[in-house]
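Colleague: Got a structure here, written out as structure tokens. Questions coming.
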Amino acid sequence: MSIEQDVSDLVKILALKNAVEHDGKAQAESVISKLLGSRPDKRGTIKTLIPEIRAIVQSINLMPLSDQKSLLDKMAPEETAKKPVEETGVRLPPLEGAVMGQVVTRFPPEPNGYPHIGHAKAAIIDEEYARMYQGKLILRFDDTNPLKEKLEYYDAIKEGLDWLGVKPDIVKNTSDDISLIQQYGRKLVELDGAYVCTCSQETMHDLRAKGVACECRRDPSEALTRLEKLFNGSYEQNQAIIRFKGDMADLNTAMRDPALFRIIEGQHPKLGSKIRVWPTYDFAAPIEDSLDGVTHAMRTKEYELRNALYFAILDRLDLRKPTMIEFSRLEFEGVPVSKRKIRPLIDDGTIKDWDDPRLPTLSAFRRRGFVPEAIRKFVISLGITLAETKPPFEALEAYNRKIIDPLSMRLFFVKDPVELYVQEAADLDVVLKNHPTDTALGSRTVKASDRFYVSGDDAAGLKINDEIRLIELYNVKITRIECQEGKLSLTATPAGSEIKQSMPKIQWVSKQDIFDLRVLIPKQLYVGEQYNTNSLEVVKGVAESFVSGFKPGQVVQFVRFGFCRIDGNNTAIFTHR
Ligand SMILES: [Zn+2]
């Protein structure tokens, strides 16, 4: 049944082409007929290839449209010569002061962890605006703290953006410009806009609380001497800091002589140990934004107080100022993005890895069955409001459902299975449609005899003489309910096939056609400030054996249960209802 490489490549190209022409959604049926058109030799064996073709089509349909286009371009450049029509849909509001062709935005993550839904929001907004104005998007790794940053995180962020379909025009690191940033730091001290402070942390803490300046800022010539000592290695870590000359009594605490450079001894993932004097985010961000030509710098509202510092630094250095745009941070109730709340759970083994489906990381969303296009639409629907309220998770689910519903096969899974014996039931080959409306998703044949499994919760609600409909099969009437050693079992007799409104209609699995499956259902990770010990429900049950043919990544809808993504090892992850 395995498909040859050349055929599978052709199917991929046909599916990509079909998807690009139809707003990202390829139809398996037309891919199959196109395949037979160009490979008539496959007519005889097409039936055996159909499941794999469907799997290829589904995997392509789950990709963002932009990725479909670039993959098609890579696999069959001749096909993309004619450009498809621009997709329509939700859009962001116009950007203040934006000029067509001249907008430059940047997404500046610190490579100190795995990308999460908050990063997705920022990256998508930055990219959408760059595209809306035919401008440029810069991905800039804000890597100026060697103690926190790792190569692994640069890669994880790139992978996350790739999956989201975010394509930066320029990729760079703040550390690439370290000497330039240091030069601006020196210049600011020379201009008496900053000074080298050798006070202890405690002293500064006290002075700041009192609104009083320290001795270090008095004498500008002493500042220059200290500046040389700072850069020639005469100070140890924590002995000297370059501080902005703000106002220790400013109502905005961010202006009370904040640190601009500090000595950090450590191995930087890109530069090793050759740099000791590192800028803080507060200094590096405005310098980089200005020099990179960023026209619209976007960041979350929690930096609000630091906007004054951002502009004051550019003012004193006489550098061009970008427009600052703020938006609210994206986080869901009970699913904190803060590493402070997640890392301890990983360190103590409560959570195995960063792609655990309970986490807000992009790899977790992916593993759970969310598609990038849904995240994008959801983020755009939130816009750039400053609303502090957390959006309901159901809103993201709704976008995802709309995309995966037409693509997902409807299959049967019963949890906590209870045996149902239908006396005198005939042996049947039952043909079940894989999708109620999309015939292109095909059908499957299930061998049914007189033994079935139904869900424990359905069984628990039944009484003698109840009539139920086994979906797509026939009706049965319950004649006996037994419970032996805590194990429930049902006996029934056939009761016709006329569908009655009042009848419970339940899914079933034929006893000779089962596939053991456990489903992981992620719940809120935190309840208030506490880790939720019930955050991962494990449901055991049986699915149709048809499921055994799916590879990890396949998204299905289990009837009356919900959407799930196959995870491998007889495990699926619950996506949503
Ligand atoms: Zn001082």
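The values are calculated or read from the model by the stated rules, or taken from the named source; none is laboratory data. Values in this document were obtained by computation on a predicted structure and should not be read as measured data. No Cβ is skipped: glycine too gets one built from the backbone with ideal geometry, and neighbour counts run over all protein chains shown. Protein only, heavy atoms only, side chains kept; ligands, DNA and RNA dropped before computing areas. Shrake-Rupley method; radii C 1.70, N 1.55, O 1.52, S 1.80 Å.
Colleague: What number, in percent, do you get for the relative contact order of region 5-80 if the mean sequence gap of Cα pairs under 8 Å and at least 6 apart is divided by its residue count? Walk me through the numbers before you get to the answer.
Modeller: Working: 72 pairs, mean separation 30.0, N = 76.
It comes to 39 percent, rounded to a whole number.
Colleague: Here is a follow-up. Can you give the accessible area per residue of the chain, in Å², using a 1.4 Å probe?
Modeller: Numbers: 26830 Å² over 577 residues.
Computed with neighbouring chains in place, this is 47 Å² per residue.
Colleague: Still on this structure, I have one more. In region 495-577, if every C-alpha pair distance is counted and binned at 10 Å from zero, what percent goes to each bin?
Modeller: 16, 38, 26, 16, 3, 0
Colleague: Past the 27 Å Cα-Cα mark, which pairs from Lys463/Lys500; Lys42/Lys511; Lys172/Lys390; Lys150/Lys274; Lys150/Lys210? Please list the in-between numbers first.
Modeller: Numbers: Lys463/Lys500 18 Å; Lys42/Lys511 35 Å; Lys172/Lys390 32 Å; Lys150/Lys274 16 Å; Lys150/Lys210 38 Å.
Result: Lys42/Lys511; Lys172/Lys390; Lys150/Lys210 exceed 27 Å.
Colleague: What's log10 of I(q)/I(0) for region 98-251 at q = 0.13, 0.19 Å⁻¹, Debye sum over Cα points only, no solvent?
Modeller: The Debye formula, applied to the Cα set alone, gives -0.81, -1.05.
Colleague: If you don't mind, there's one more thing I want to ask. Using +1 at the C-beta of Lys and Arg and -1 at the C-beta of Asp and Glu, which of Ser273, Phe327, Met255 has the Cα lying farthest in the positive direction of the dipole of region 244-350?
Modeller: Final value for the positive-end residue is Ser273.
Colleague: Now for a separate question. Rounded to the nearest 500, what is the chain's calculated 222 nm mean residue ellipticity when only DSSP H runs of at least 4 contribute -39500 (n - 2.57) each, over all residues?
Modeller: Details: 16 runs with 185 residues, N = 577.
Only helices count here, giving -10000 deg cm²/dmol.
Colleague: I've got another one for you. Lys321 versus Thr389, label points 7 Å from Cα toward the beta carbon: distance in nm?
Modeller: 3.4
Colleague: To the nearest 20 debye, what charge dipole does region 1-81 have about its Cα centre, counting +1 at the Cβ of each Lys and Arg and -1 at the Cβ of each Asp and Glu?
Modeller: 260
Colleague: Could you give the nm distance between label points at Thr198 and Tyr281, where each point is 7 Å from its Cα heading toward the beta carbon?
Modeller: 3.1
Colleague: Compactness ratio of the chain: Cα Rg over 2.2 N^0.38 Å, N = residue count?
Modeller: Values: Rg = 30.1 Å, N = 577, 2.2 N^0.38 = 24.6 Å.
For the chain, the normalised Cα radius of gyration comes out at 1.22.
Colleague: Report the relative contact order of the chain, percent, no decimals, based on alpha-carbon pairs under 8 angstrom and at least 6 residues apart. Could you put the intermediate results ahead of the total?
Modeller: Working: 1065 pairs, mean separation 62.8, N = 577.
Reported relative contact order: 11 percent.
Colleague: Report the charge-dipole magnitude of region 190-279 in Debye, nearest 20, computed about the Cα centre from +1 at each Lys and Arg Cβ and -1 at each Asp and Glu Cβ.
Modeller: Numbers: 13 positive and 13 negative charges, 61 e Å.
Once rounded to the nearest 20, the dipole reads 300 debye.
Colleague: Would you kindly state how much longer the chain becomes between Arg39 and Asn307 on full extension, computed as 0.36 nm times their sequence separation minus their alpha carbon distance, in nm to one decimal?
Modeller: 90.3 nm
Colleague: Specify, per residue and in Å³, the volume enclosed by the convex hull of the alpha carbon atoms belonging to region 5-80. Let's see the in-between values first.
Modeller: Values: hull volume 6.0 nm³, N = 76.
Enclosed volume per residue, from the Cα hull, is 79 Å³.
Colleague: Using 0.36 nm times the number of residues separating Asp9 and Thr533, minus their current alpha carbon distance, what extension gain do you get?
Modeller: Length gained, Asp9 through Thr533: 184.0 nm.
Colleague: A follow-up question, please. For Thr479 and Lys500, compute 0.36 nm times the residue count separating them, minus their Cα-Cα distance, and round to one decimal in nm. It would help to have the intermediate numbers written out before the result.
Modeller: Working: separation 21, 0.36 × 21 = 7.56 nm, distance 1.90 nm.
5.7 nm is the gain from fully extending Thr479 to Lys500.
Colleague: A further question follows. Using a 1.4 angstrom probe on the protein heavy atoms only, line up Trp508, Trp163 by accessible area, largest first.
Modeller: Working: Trp508 0, Trp163 35 Å².
Output order, biggest surface exposure first: Trp163, Trp508.
Colleague: Above 22 Å lies some portion of the pair distances; for region 203-321, what is it as a whole percent of all C-alpha pairs? Provide the component values of the computation, followed by the final result.
Modeller: Values: 3009 of 7021 pairs.
Here the tail beyond 22 Å accounts for 43 percent of pairs.
Colleague: Could you work out the local net charge near Thr385, counting Lys and Arg as +1, Asp and Glu as -1, over the other residues with Cβ closer than 13 Å to its Cβ?
Modeller: Values: positive: Lys121, Lys301, Arg329, Lys390; negative: Glu326, Glu388.
Residues near Thr385 contribute +2 overall.
Colleague: Once you put a point 7 Å from the Cα of Asp405 and another 7 Å from the Cα of His22, both along the Cβ direction, what distance in nm separates them?
Modeller: About 1.8 nm separates the two model spin labels.
Colleague: Nearest 10 degrees is fine. How inclined is helix 372-382 to the longest principal axis of the chain, computing both from alpha carbons?
Modeller: With both axes taken from Cα atoms, the answer is about 60 degrees.
Colleague: Also: Using the charge dipole of the chain (Lys, Arg: +1 at Cβ; Asp, Glu: -1 at Cβ; taken about the Cα centre), state which of Ala98, Asn400, Gly165 has its Cα farthest towards the positive end.
Modeller: Asn400
Colleague: Now for a different question. Be a star and scan region 53-73 for residues whose amide nitrogen sits under 12 Å from the point 7 Å along the Cα-to-Cβ vector of Lys551.
Modeller: 53-60
Colleague: Take every Cα-Cα distance within region 363-464, group them into 10 Å bins from 0 onward, and report for each bin the whole-number percent of pairs it holds.
Modeller: In whole percents, the pair-distance histogram is 12, 25, 27, 20, 11, 4, 0.
Colleague: Tally up the carbon and sulfur contribution to the accessible surface of the chain as a whole percent, 1.4 Å probe, everything protein left in place. Show your work: numbers first, answer last.
Modeller: On the way: 13310 of 26830 Å².
Answer for the chain: carbon and sulfur cover 50 percent of the accessible area.
Colleague: Could you sort Asp289, Asp67 by accessible area so the largest value comes first, with the probe set to 1.4 Å?
Modeller: Numbers: Asp289 0, Asp67 30 Å².
Order by accessible area, largest first: Asp67, Asp289.
Colleague: Note the direction-averaged projected area, equal to a quarter of the hull surface, for the Cα convex hull of region 254-392, in nm².
Modeller: Numbers: hull surface 45.8 nm².
Mean projected area of the Cα convex hull: 11.5 nm².
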